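Asks: Quick one: the structure is below, and I'll ask about it shortly.
The values are calculated or read from the model by the stated rules, or taken from the named source; none is laboratory data. Being a predicted model, the structure only gives us computed values, none of them experimental. Neighbour counts are summed over all protein chains in view; Cβ atoms, including those assigned to glycine, are modelled from backbone coordinates with ideal geometry. We work out accessible area using only protein heavy atoms, side chains counted, and drop any ligands, DNA or RNA first. Shrake-Rupley method; radii C 1.70, N 1.55, O 1.52, S 1.80 Å.
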Amino acid sequence: SSSSVVALCAAAHSNAMSGRTKEATVLLVDVGSRMQEPALWLDEASVKADEPRRHITRKVDIALKLARGVLQHKVFFCPKHDFGIVFFGTAATSNELQTDGYEHVLVAREGRVDQPDIDALRVFIDPPVGGATSDAVNGLIVAIDLLLRQTQNGNYKRTINLLTDGNSATAGDPDLFECVKQLEKIGARLLISLVDSHDTGPWWALANTCSAQAELLPATTLERQVSRCVVPVLQRCKVRLPLEISPNLHIQVGIYTRTIRVAFPTLKRKSRLGKDTPLDAAVPGESKNGGVVVERTFHLADDPDGEEVKKEDSIKGHKYGCSIVPMSEYDEAALMYTCERSLTALGFAPAGSIGPEHNLRQVEAVAADRGDAWAFCAFESLVAAMRTEGRVLIARYSFRKNSPPKMVALVPQHIDGSMGGNNCGVSFLEMQYLPFAEDIREWTCASLPVALPEQHDAVSALVDAMTLEMPGSSLSSCALISGGVAGHSPFQPEDNYSPSLARFYNFLSERAVNPVARVPAPGRELRALIPLAKTTERVQDARLADRLTAAFGLQKVEKKGKLKRFWREAIAEKRKIQSLGEVDTKRIKVETVKKLEKEEDEEKVKAEGSQGIGHVGSSGMALPVGPPPRVHVGSVYPERDFERWLAHKAGGHDVVGIAIEQMCGMINRLAKEGEEFHPKALSCVSTLRRGCVSEGEPAAYNAFVRNLRLGITKYQAQLWEQVRNAALGLITDRELATSTVTAEEARAFLAGETFVAAAGLTSGSSAAPVALCEADLEAMIE
């Protein structure tokens, strides 16, 4: 067995292929007899909430929970990494080396080391039965053999995660050291996580004295790593460009991202049919991973069922007010802002004038370009001078060509060399995005009054009570997580995770394994958001709420706002009260209107009319024609607005035609809104007919009613039935002499019959109406 492992090691060492390095991880979990013992587990979420609790649970449960967390992190955030699972200390045996005497070792997933999937998560739903004697050396040999067999033909970065306690190996075991040597030959790392930190066994000495390939990874650190719902990012240069200090001084620098924003994943639509389609049978141009392909076609607005408009026959349009301005690709290219990518210094400012509150986006770091010694010396000199003078650099930054330029502040920073094992340390410029003048809003409120001494004291006491930095004695539990540093802050951005994202991905993994799983109640992942218990106690003991209320005179003010009611809601409410099939919309009050508003409008119209008549009579000359009034027939009281504009005779402008046109449009709009608006539309039709008769406009009304009778839409047909039942037909020549519609034609119109005019006159028939000339019409009006 040892010779076969050595042969595989040599093959893996010689088959290093060119190209991008892949990652392969084998998870080695101990489920033996000693792992069935209870252990004291420190809940990290309780530590962050300043309520350290030690939960008594079995070691194997802790190991399986950590292993599932590692696998879940690989599934969601590292899906292209190869992953394998090996259990040792199991009652059953299943591995490639079992004929050589490696018993109680079980390789899951049929001995595969490939991309993690849902089947891998199901392994931890029903883990293999343990309780047998566990031997970490046998597990390591099987894991190394599995890792080499599956990755010998590729360029891999190999890792073995071992989850065990201090009882699975014996100190000074030569086979254990031989396994470490094999790991060194193939360049694989061994990360050892002990579920019981009080019993380290031989693992502490192995990781600290024997080999650099073995590393002791605390279980709490492993839990934090897999709880971060982020994709591991390799620190690469975002862009390389020269920092232009002056026309004669350019320093080659690289820009790196320091902070990123992590949000919930987007819910993309998937097609079940597309997902089940084989890759070789997929249609060219369509998605091959089950995604929904969206295709957009364009047609003319007045001919939606006609021929499709080709892409070359369409251009972009930009909205300008109420109109759309077309812009071709040539105009867009001519008006587009052009610039080269650059980082140009604009000047220096005092360091105190720029703070973190001025930053608008993520934080980036600017460092000297790698491999350029001259750039490194010049950059270090610049940063040192800025730190000595207390200055920040204001620069113009354009990330890529033709992108909108940004104004940034470059703040000098220096990391001590003792932190990274470097004697000289490293310097960089922290980039913060600053707002332009258009992004800043001026403070329009008055200055605050001068604070009283008791107000200062109350706020100071509140700040003191909320201090997170506590004595080292009270942070002994937090020191376990922060590396044993007494007095360490319990909140660190690099160690905290998002409880919402953690809960989301935990439920997502449960739903993937069990389709009927329900969303669990908020658990331990939300304890990190609970306020610190000791901080809450300090605030309550000092009665700070009473002090602040008394010092500032705080009162709870609730604004009682009016709820806007719409016609649809008002009609529904009226029907519930009256239980009627039809509601008179005229009696529904949607808004509170002043009682004298209509009277004031009528008096104003009368005053304007009398003033104009009196002025003409006195001077003998007509008033000059002013600008035309803005005619508007609203949707709340359209009948009142229509009658008001028909009565408007001042100003020298004819508003009757515009009012009739808007009233017709309002009726069509109410008809399209639904059946509950048809009573209101019917009232508007009656008002429109009455107004057209009084103003001598029969042609406009008759044309509208003829169009309504066509019943182009379902709602128009329903409204026409109500109009016909109300006998609001065509305006005849008996009602208005200027109408060309006879009473017989109006009757046939309402009855839905086809009317045919007589070709000639009979002896008993009356003469047909003769069209009046313009002079006769003017005589009738006078």
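Asks: When you scan the range 173-210, how many residues do you find that are touching a His at 6+ places or on another chain (Cβ under 8 Å) and more than 18 Å from residue 151 (Cα to Cα)?
Replies: The total comes to 0.
Asks: So which residues in the range 130-179 are open to solvent by 10 Å² or more (accessible area, probe 1.4 Å), aliphatic (A, V, I, L, M) and without any contact (Cβ under 8 Å) to a residue 60 or more places away in the chain, if there are any at all?
Replies: Across the range 130-179, the qualifying residues are 169, 171.
Asks: Moving to a separate point now. Please find, within the range 114-127, the residue that is most open to solvent (accessible area, probe 1.4 Å) out of those that are among the hydrophobic types (A, V, I, L, M, F, W, C) and closer than 18 Å to residue 31 by Cβ.
Replies: 125
Asks: Can you pull out the residues in the range 360-417 that are of a type in the set (Ser, Thr, Tyr), open to solvent by less than 80 Å² (accessible area, probe 1.4 Å) and either farther than 15 Å from residue 239 by Cβ or free of Cβ contacts under 8 Å to residues at least 60 places away in the same chain (or both)?
Replies: The answer is 381, 397, 398.
Asks: Give me the pairs, please: first residue somewhere in the range 635-655 and at pLDDT below 85, second residue anywhere and open to solvent by 60 Å² or more (accessible area, probe 1.4 Å) and assigned to a loop (DSSP other than H, G, I, E, B), beta-carbon distance under 6 Å, and either six or more positions apart or on two chains.
Replies: 652/625; 653/628
Asks: Looking at (1) surrounded by fewer than 21 Cβ atoms within 10 Å (Cβ to Cβ); (2) part of a helix (DSSP H, G or I), can you tell me which one residue 660 breaks?
Replies: (1)
Asks: Further, regarding this structure: Being over 20 Å from residue 341 (Cβ atoms) and either assigned to a strand (DSSP E or B) or in contact with a Gly (Cβ under 6 Å, 6 or more places away or on another chain) (or both) is the filter here, so list the residues in the range 376-419 that pass it.
Replies: Once the filter is applied, which keeps residues that are over 20 Å from residue 341 (Cβ atoms) and either assigned to a strand (DSSP E or B) or in contact with a Gly (Cβ under 6 Å, 6 or more places away or on another chain) (or both), the range 376-419 yields 391, 392, 411, 412, 413, 414, 415, 416, 417.
Asks: Given the condition closer than 26 Å to residue 702 by Cβ and touching a Pro at 6+ places or on another chain (Cβ under 6 Å), answer yes or no: does some residue in the range 628-638 qualify?
Replies: no
Asks: Something else now. Looking at the range 137-151, is at least one residue farther than 24 Å from residue 234 by Cα, of a type in the set (S, T, N, Q) and either at pLDDT below 90 or under 45 Å from the mean Cα position of the chain (by Cα) (or both)?
Replies: Yes, the range 137-151 has at least one match.
Asks: Show the residue pairs that are 6+ apart or on different chains and have beta-carbon atoms under 6 Å apart, the first residue being within the range 737-753 and in contact (Cβ under 8 Å) with a residue 12 or more places away in the chain, the second being open to solvent by 60 Å² or more (accessible area, probe 1.4 Å).
Replies: Sorted first by the residue in the range 737-753, then by its partner, the pairs are 745/755; 750/724.
Asks: Something else about it: Report, ordered by the first and then the second residue, all pairs with beta carbons closer than 6 Å, sequence separation of six or more or different chains, a first member in the range 234-255 that is free of Cβ contacts under 8 Å to residues at least 24 places away in the same chain and assigned to a strand (DSSP E or B), and a second member that is surrounded by 13 or more Cβ atoms within 10 Å (Cβ to Cβ) and of a type outside the set (Ser, Thr, Tyr).
Replies: Sorted first by the residue in the range 234-255, then by its partner, the pairs are 250/242; 250/244.
Every residue, every condition in (1) touching a Pro at 6+ places or on another chain (Cβ under 7 Å); (2) open to solvent by less than 50 Å² (accessible area, probe 1.4 Å); (3) at pLDDT 80 or above; (4) of a type in the set (Asp, Glu), yes or no:
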{"residue": "492", "(1), (2), (3), (4)": "no, yes, no, no"}
{"residue": "497", "(1), (2), (3), (4)": "no, yes, no, no"}
{"residue": "502", "(1), (2), (3), (4)": "no, yes, yes, no"}
{"residue": "518", "(1), (2), (3), (4)": "no, no, yes, no"}
{"residue": "530", "(1), (2), (3), (4)": "no, no, no, no"}
{"residue": "541", "(1), (2), (3), (4)": "no, no, no, yes"}
{"residue": "548", "(1), (2), (3), (4)": "no, yes, yes, no"}
{"residue": "555", "(1), (2), (3), (4)": "no, no, yes, no"}
{"residue": "559", "(1), (2), (3), (4)": "no, no, no, no"}
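Asks: Within the set of pairs 6+ apart or on separate chains, which have a first residue in the range 428-448 that is in contact (Cβ under 8 Å) with a residue 60 or more places away in the chain and within 22 Å of residue 239 (Cβ to Cβ), a second that is surrounded by 13 or more Cβ atoms within 10 Å (Cβ to Cβ) and among the hydroxyl-bearing types (Ser, Thr, Tyr), and C-beta atoms under 9 Å apart?
Replies: 428/256; 431/397; 433/397
Asks: Would you mind finding the one in 101, 111 that is open to solvent by 30 Å² or more (accessible area, probe 1.4 Å), of a type outside the set (Ser, Thr, Tyr) and closer than 25 Å to residue 169 by Cα?
Replies: Only one candidate qualifies: 101.
Asks: While we're on this one: Restricting to the range 93-108, give me the number of residues that are in contact with a strand residue (DSSP E or B) (Cβ under 6 Å, 6 or more places away or on another chain) and either farther than 16 Å from residue 134 by Cβ or among the hydrophobic types (A, V, I, L, M, F, W, C) (or both).
Replies: 4
Asks: Would you mention how many residues in the range 456-479 are modelled with pLDDT of 80 or more and open to solvent by 30 Å² or more (accessible area, probe 1.4 Å)?
Replies: 7
Asks: If the Cβ limit is 8 Å and pairs must be 6+ apart or interchain, which residue in the range 81-93 that is farther than 17 Å from residue 122 by Cα and outside any strand (DSSP E or B) pairs with which residue that is open to solvent by 10 Å² or more (accessible area, probe 1.4 Å) and charged (D, E, K, R)?
Replies: From residues that are farther than 17 Å from residue 122 by Cα and outside any strand (DSSP E or B), the pairs are 81/22; 81/23; 81/74; 89/135; 93/103.
Asks: Moving to a separate point now. Looking at the range 316-330, is at least one residue under 28 Å from residue 401 (Cβ atoms), open to solvent by less than 80 Å² (accessible area, probe 1.4 Å), outside any strand (DSSP E or B) and modelled with pLDDT of 85 or more?
Replies: The answer is no; no qualifying residue exists.
Asks: Any residue at all in the range 705-726 that is on the phi > 0 side of the Ramachandran plot, without any contact (Cβ under 8 Å) to a residue 40 or more places away in the chain and not β-branched (Val, Ile, Thr)?
Replies: Scanning the range 705-726 turns up at least one residue that is on the phi > 0 side of the Ramachandran plot, without any contact (Cβ under 8 Å) to a residue 40 or more places away in the chain and not β-branched (Val, Ile, Thr).
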